[in-house]
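The values are calculated or read from the model by the stated rules, or taken from the named source; none is laboratory data. Keep in mind it's a predicted model, so treat the numbers as computed, not measured. Glycine gets a Cβ as well: all are built from the backbone with ideal geometry, and neighbour counts include every protein chain shown. Areas reflect the complete protein model, heavy atoms only, side chains present, ligands, DNA and RNA absent. Shrake-Rupley method; radii C 1.70, N 1.55, O 1.52, S 1.80 Å.
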Amino acid sequence: MMTGRFFLGTADRRVSTMIALLVAVAMVVPILALVVPAGSVMHMPPYMVALTGKYLCYALLALSLDLVWGYCGILSLGHAAFFALGGYAMGMYLMRQIGSRGVYGNPLLPDFMVFLNWQELPWYWYGFDRFWFAAIMIVLVPGSLAFGFGWLAFRSRVTGVYLSIITQALTYALLLAFFRNDMGFGGNNGLTDFKDILGFNVQATPTRVALFSASALILALAVFVTWRIVTSKYGKLLVAVRDAESRTRFLGWRAENVKLFAFTVSAVMAGVAGALYVPQVGIINPGEFEPGNSIEVVIWTAVGGRATIVGPIVGAVLVNAAKSWFTGALPELWLFALGGLFVLVTLFLPKGIVGVWGEWRSARHVRAAKPGERIEVEAPAAIARPAAKPASWVPPQDASIKAQPAE
C-alpha cells in the first residue's frame, strides 16, 4: 500500500524516476551481459559490469553523505572510514571462504597470517565463516563507531569546521591502525585473492552480474528510505537543525539526538556500500581509509547537488566515469581536472547539477504560464516551507476607557 502511494505521485518526481531507473537497470544489465551474444553491439562485457557496479557503490556512499551534509548540515570528512569498515567485514568473510585453496593450504588461517607466522586465528575473526554473521557486522561495526563518535561529539556541541576536522582525524587514525601487520587485517596489502561468495565463484560472469543487480536494488532501497526519512516530521527537524540549531534547541528539541540518528543511519549506508564494493573490485586495503577519498565523496555530492537525494547519485556516476576516462587518457592531469571541477561547481553551480536543473524547469514553467494561471513550483524534498505570517494582534478595546483628548 505504501509503495503504491509512493509511485502514484506522493513522492518527489525525481526520486520515483531514479528508483524506477535503478530497478530497470538491475533487470536489463543481466540480459545484456548473459543473453546478448558477445559479438553484438548491445553486449555488456564483464569488466564493464564490474566497473558500473563500482559506480553504484560510490553512489550509495555519496547518498549516505547527503543525508547528513545536505539535510543536517554535518560536513563529514570521514565517511571513507565507514565505507572501509563495511568493506573489511565483507573481505573477512571472503577470506574465510578460501579455506585450504590458499597459497599455503591452511584451512583456517588466511595466507597473510601464515606468512607472518600467526599460530591461531584471532578472536575477532570468529564467525566470519558464516554470511549472516558477516552481514550483521557490516551494519553493526560502522553503525557502532558512528554512534559512539557522534554521541561524544554532538553532546559536546562540536560543530562546523571543527567537527569536519575531527572526522578526518578519525579516518586517518584508522588508516594508520590498519596499516600495521599486527592488527590482523593484512597490513599494507589488505585482503584479496577471493574465491567464493555464498558458494558461487566471485570471478564468474553470472556472479558479477548478480552483484551488480544487488547493488542497483540496494541503492534503490536506500533512495526510498532516505526519501522517507527526509520527508517525515523527523526530516523537518533535520532541516531545522541545519538552518537554525540554536532556535531548535530553544524550542525544546534535543539537537544532538536528531543529528546522532542521521549520522548513524548514514554510517550504516556507507558500510553497506563498502561491503558491495569489495567482491566487485576484488580487494580491500588501508588505502580506502585515505582522507582524500572522503573529500572526493564531498565533491561528488556537491557536483550532483546536495539535499536533492538524486544529485549525489548523478554526481558520483558522472565524476567517476570522467575519472576512469581521464586517468587513461590524461593521467597526469586528472587531479587538476578534479580540483578545477570542484571550483567551477562552487562558483557557478552552487546547487549542483540537479539543483540548477530544478530551478531552470521552474523558471521555464513560470515563463510559459498564461496570465492569471496558478503556478505550482516543485520544491526540493524536505525543505521546510515558511509558516504563514500571523495577523497583527490588536488588543481588545475596553468600553470603560475613553480616549483622552490631546492637550
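Rounded to the nearest 500, what is the 222 nm mean residue ellipticity of the chain from helices alone, with -39500 (n - 2.57) per DSSP H run of 4+ residues and division by all residues?
Calculated mean residue ellipticity at 222 nm is -20500 deg cm²/dmol.
How do the peptides 268-275, 52-59, 175-182 rank, highest first, by the average count of neighbouring beta carbon atoms within 10 Å per residue?
Numbers: 268-275: 28.1, 52-59: 23.6, 175-182: 14.6.
Peptide ranking by packing, descending: 268-275, 52-59, 175-182.
Per the Kirkwood treatment, what hydrodynamic radius in Å, one decimal, follows for the chain from the mean inverse distance over all distinct Cα pairs?
On the way: mean 1/r = 0.0426 Å⁻¹.
So the Kirkwood estimate lands at 23.5 Å.
What residues from region 342-356 fall in the zone where the backbone N is under 18 Å from a label point 7 Å along the Cα-to-C-beta line of residue 330?
342-345
What does the convex hull of the Cα atoms come to per residue for region 117-255, in Å³? Kindly include the intermediate steps, with their values, before the conclusion.
Details: hull volume 23.8 nm³, N = 139.
Here the figure is 171 Å³ per residue.
Can you flag which of 54/351; 54/233; 236/351; 259/323; 195/323 are past 22 Å Cα-Cα? Write out the running numbers ahead of the final one.
Numbers: 54/351 25 Å; 54/233 34 Å; 236/351 20 Å; 259/323 33 Å; 195/323 29 Å.
In this structure, 54/351; 54/233; 259/323; 195/323 exceed 22 Å between Cα atoms.
At 7 Å along the Cα-to-beta-carbon direction for both residue 120 and residue 101, put a label point, then send me their distance in nm to one decimal.
Using points 7 Å along Cα→Cβ, the separation is 2.8 nm.
State to the nearest 20 debye the size of the charge dipole of the chain about its Cα centre, where the only charges are +1 on K and R beta carbons and -1 on D and E beta carbons. Could the numbers behind the result be given before it?
Numbers: 31 positive and 21 negative charges, 253 e Å.
Computed about the Cα centre, the dipole is about 1220 debye.
Out of the total accessible area of the chain (probe 1.4 Å, heavy atoms of protein only), what percent is carbon and sulfur? Walk me through the numbers before you get to the answer.
Values: 14310 of 21570 Å².
That fraction is 66 percent.
Dividing the alpha-carbon Rg of region 323-365 by 2.2 N^0.38 Å yields what?
Values: Rg = 14.2 Å, N = 43, 2.2 N^0.38 = 9.2 Å.
Working it through for region 323-365, the quotient is 1.55.
Would you check the accessible area of residue 334, probe 1.4 Å, heavy atoms only, in square angstrom rounded to 10?
Roll a 1.4 Å probe over it and residue 334 shows about 20 Å².
Find how much the distance from residue 244 to residue 23 grows on full extension, using 0.36 nm per residue of separation minus their present alpha carbon separation; answer in nm with one decimal.
Details: separation 221, 0.36 × 221 = 79.56 nm, distance 3.73 nm.
Taking residue 244 through residue 23 to full extension adds about 75.8 nm, to one decimal.
Quick one: Debye curve from the alpha-carbon atoms of region 67-127 only, equal weights, vacuum; give me log10 I(q)/I(0) at q = 0.14, 0.17, 0.28, 0.30 Å⁻¹ to two decimals.
Evaluating at q = 0.14, 0.17, 0.28, 0.30 Å⁻¹ gives log10 I(q)/I(0) of -0.54, -0.65, -1.17, -1.22.
May I have the pair-distance distribution P(r) for region 1-138, computed from all Cα-Cα distances with 10 Å bins from 0 and rounded to whole percent?
9, 22, 27, 26, 12, 3, 0
Pop the C-beta distance of residue 35 and residue 318 into the FRET formula with R0 = 30 Å and round what comes out to the nearest 0.05. The partial results should precede the final answer.
On the way: r = 28 Å, r/R0 = 0.95.
Computed FRET efficiency for residue 35 and residue 318 comes out at 0.60.
Given the protein chains as shown and a 1.4 Å probe, how many square angstrom of residue 44 are accessible, to the nearest 10?
Near enough 30 Å² of accessible area.
For region 64-126 and region 247-317, what is the separation of their Cα centres, given in Å?
Between the Cα centre of region 64-126 and that of region 247-317, the gap is 19 Å.
Keeping every protein chain in place, order 13, 306 by accessible area at 1.4 Å, biggest value first, i.e. largest first.
Working: 13 150, 306 105 Å².
If we order 13, 306 from most to least accessible, we get 13, 306.
Could you work out how much longer the chain between residue 132 and residue 47 gets when fully extended? Use 0.36 nm per residue separation minus the Cα distance between them, nm to one decimal.
Separation in residues times 0.36 nm, less the Cα-Cα distance, equals 27.8 nm.
DSSP H helices in the chain with Cα extent of 18 Å or more along the helix axis and mean Kyte-Doolittle hydropathy at least -1.0?
Counting only whole DSSP H runs, the qualifying helices are 13-30, 46-69, 79-96, 131-155, 160-179, 205-230, 255-281, 291-304, 310-329, 334-348, 352-368.
How much accessible surface does residue 332 have with a 1.4 Å probe, in Å² rounded to 10?
120 Å²
In 5 Å bins starting at 0, how do the alpha-carbon pair distances of region 174-243 split up by percent?
Reading the bins upward from 0: 3, 13, 11, 9, 9, 13, 16, 11, 11, 3.
How large is Rg/Rh for region 206-280, to two decimals, with Cα atoms and a Kirkwood Rh? All intermediate terms of the calculation are to be shown ahead of the outcome.
Values: Rg = 16.4 Å, Rh = 14.2 Å.
Across region 206-280, the Cα-based Rg/Rh ratio is 1.16.
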